[in-house]
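The values are calculated or read from the model by the stated rules, or taken from the named source; none is laboratory data. What you see is a predicted model, and the numbers here were worked out from it, not measured in a lab. Cβ atoms come from the backbone with ideal geometry, glycine included; neighbour counts cover every protein chain shown. Each accessible area value is taken on the protein alone, full model and side chains, heavy atoms only, with ligands, DNA and RNA left out. Shrake-Rupley method; radii C 1.70, N 1.55, O 1.52, S 1.80 Å.
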Amino acid sequence: MTRRGVLTASAATAAAAVVPFGTGGPATAAARSFKFSVLGTSDTHGNVYNWDYYRDAEYDDSAHNDVGVAKLAALINQIRGERGTTTLVLDAGDTIQGTPLATYYAKQEPITETGAKHPMARAMNVLHYDAVTLGNHEFNYGLPLLNLWIDQLGFPALAANAVNVATGRPAFRPYHIKKLIVGGATLRVGILGLTNPGVAIWDRANVEGLLRFEDLVTTAARYVPIMRRNGADIVLVSAHGGDSGTSSYGPELPNENPSALIAEQVPGIDAILFGHAHNDVPQRFVTNRATGDQVLLSEPSKWGQRLTRMDFTLTRERGRWSITGKQATTLNTNTVAEDPAVLKAVRKQHNTTVAYVNQVVATSTVELSAAESRYRDTPILDFINRVQTDTVTAALAGTEYAALPVLSIAAPFSRTAVFPRGDVKIKDVAGLYIYDNTLEAVVLTGAEVKAYLEYSAKYFVTLAPGAPVDPATISDPAVPDYNYDVISGVGYDIDISRPVGQRIVLDIDPAARFVVAVNNYRRSGGGNFPGIVKAQVYNAQQEIRQLLIDRAQQRGVIDPADFFEPNWRLVRAGEPVFPA
């Protein structure tokens, strides 16, 4: 039997000894009824203030959502005022990455060098969270920064399925049992934290040989009975994995989004707060196959736009707690003003970040916009590809790869990025490349290049020649913009009148060899693109966003005549979908 099989079997045996803790039945006349609430956040991604650092303005979108921990704090404080001490506050991960604020204190003035307290530790400590689960993006900046951030928190950080390779033991705290006084009696709430196994792919350079990431369902099956034996009256799971049951990286690792599977397959769980998918899921019930109990699930969108509220009705009879009712919803943070205590705690770091991103680095001869980059070859995306191409070409000079043509891959991460005519600031460049990816390079054959482009072209819906074309609906909604790549250095057409897998018109020698510049996320398997997961010929751990900033600063002038080379187009039966 494999180790995984042993864990599953032993967990199932232990679970059989535990009386299932479900929604319960109606209270008897002797039983007293009590209320208990769980408030949940997730995927705050470095947002404290309701601020868009790329626009240097208060955050707003078409739905008028707000963002930030300060907004969440205002709602949380309201509910705590109603509920008092019978309220827990949890977070399901992806906390310390995602805004220039978070990046600044990881890269420009890293807390590992200055000893400063991370802005997300400052903000979250004001809220007095009860526990946070580690998300995959917690690992982006390496284990030293992650461990320091954890040390700065005033509450536990959980990740039961992250295992120390050297010891075979949990690398972080697996679970936490919180004691609350409800109706004069002690209620023990067990909180199990599960991080995303995709870390092993997306941050391989930071964790390989140090940590391994086990299956979330198997891990939950192992720990839920342990928590019950250790006195947990209620078991909550805080999981950084969506509820779709699918993975973006293929079958190489345990499931990326298994929260509904956990609810279905693991007995003894009462509710699951989940994240990672950035969806607003106010309330979902999943029936556990072993017990028939209804497990409550909720996901609070992203960036602090929503707060999950789970409400439980409890009874206590003969010294035993039972749940007689449960429900959930998500609350919109645009209904409250920012909490002044959170703003004060992070104000200095926020102001430092604002000053940094407003530094002028270059002058642009014309306005360059990313608005059409998904379906038209644009200069602003070519700026990324030229910088990547030049960096890899220079690094490989004098090596065995120097004679190979260098291609470059980029994705339209942002639809709103703009280099204005005139002064270009750090925030403008950072707004074009919003992820903390590093640059790598591999060798692909001509056949692999074409297969890669065919996979990328599934981004577009199929449109027959002559059919109406709307840029707003030209892409498959199931494929995010960041999983659509364009390649510079070869000329090709994408014929969207053809079926997926037969769209690329490209004259290339299948046996030819190319060096291909690509970000670490894609090269590590993110998006499950074919052929790209192989040994690097270049990996200097240089952040692509900083390379773009450096190039703008070194040249002083951004002129598309220096880098724009139109090399791809959308067509139908050979006719351009969007004529020049």
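Within the chain, the ratio Rg/Rh, alpha carbon atoms throughout and Rh by Kirkwood, equals 1.00.
This model, with +1 at the C-beta of Lys and Arg and -1 at the C-beta of Asp and Glu, gives region 158-314 a dipole about its Cα centre of some 560 debye.
How many percent of the accessible area of region 459-499 is carbon or sulfur, using a 1.4 Å probe?
58
Taking Cα atoms only, the orientation of helix 379-395 departs from the longest principal axis of the chain by about 80 degrees. Considering only VAL48, ASN351, ILE558, whose Cα is most displaced toward the positive end of the charge dipole of the chain, charges sitting on Cβ of Lys, Arg (+1) and Asp, Glu (-1)? Towards the positive end, the residue furthest out is VAL48. Less than 5 angstrom separates the built amide H of THR313 from those of THR324, GLY325, LYS326, all sequence-distant by 5 or more or on a different chain.
Take the alpha-carbon centre of region 375-392, take the same for region 521-566, and report the distance between them in whole Å. Spelled out, the Cα-based centre of one part sits 8 Å from the other.
Placing a pseudo-label 7 Å from each Cα along the Cα-to-Cβ vector at ASN358 and HIS64 gives an inter-label distance of 2.7 nm. In a fully extended conformation the segment linking ARG229 and ARG555 would gain 110.9 nm over its present Cα-Cα distance, using 0.36 nm per residue. Full extension of the chain between THR445 and ALA573 gives 43.4 nm of extra length, using 0.36 nm per residue less the Cα-Cα distance. Between ARG421 and ALA472, the simple spin-label model (points 7 angstrom out along Cα→Cβ) gives 2.8 nm. Only one residue of LEU297, VAL266, VAL281 has its Cα farthest out toward the positive end of the dipole of region 150-297, where Lys and Arg carry +1 and Asp and Glu -1 on Cβ, and that residue is VAL266.
Accessible area per residue for region 225-270 in Å², computed with a 1.4 Å probe and the full protein assembly in place, what is it?
Dividing the accessible area of region 225-270 by its residue count gives 30 Å².
Rounded to the nearest 20 Debye, what is the dipole magnitude of the chain about its Cα centre when Lys and Arg each give +1 and Asp and Glu each give -1 at the C-beta?
That gives the chain a dipole magnitude of about 2380 debye.
By its C-alpha gyration tensor, with a ≥ b ≥ c as the square roots of the eigenvalues, how is region 482-580 shaped: rounded for a/c under 1.5, else prolate for a/b larger than b/c, else oblate? Oblate shape, in that a/c is at least 1.5 and b/c is the bigger or equal ratio. The lysines whose alpha-carbon is closer than 24 Å to the alpha-carbon of LYS302, local same-chain residues fewer than 8 away aside, are LYS71, LYS107, LYS117, LYS326, LYS344, LYS427. Mind checking the log10 I(q)/I(0) for region 52-193 at q = 0.17, 0.20, 0.21 Å⁻¹? Debye, one equal scatterer per Cα, no solvent, two decimals. Listed by q, the Debye log ratios stand at -1.07, -1.30, -1.36.
Simple rule: put +1 on each Lys or Arg Cβ and -1 on each Asp or Glu Cβ in region 101-236, find the dipole, and look at THR103, LEU187, LEU153; the Cα lying farthest toward the positive end is LEU187. Phi angles across region 167-177 convert, under the Karplus curve 6.51 cos²θ - 1.76 cosθ + 1.60 with θ = phi - 60°, into 3J(HN,Hα) values of 9, x, 9, x, 7, 9, 5, x, 8, 9, 10 Hz, Gly and Pro given as x.
Please get the size of the charge dipole for region 167-216, origin at its Cα centre, with Cβ charges of +1 on Lys and Arg and -1 on Asp and Glu, quoted in debye to the nearest 20.
Details: 7 positive and 4 negative charges, 71 e Å.
With Lys and Arg at +1 and Asp and Glu at -1, about 340 debye.
Helix 143-152 and the long axis of the chain differ in direction by around 40°, with both axes built from C-alpha atoms. With the simple spin-label model, which puts each label point 7 Å out from Cα in the Cβ direction, the HIS128 to THR329 separation comes to 2.5 nm.
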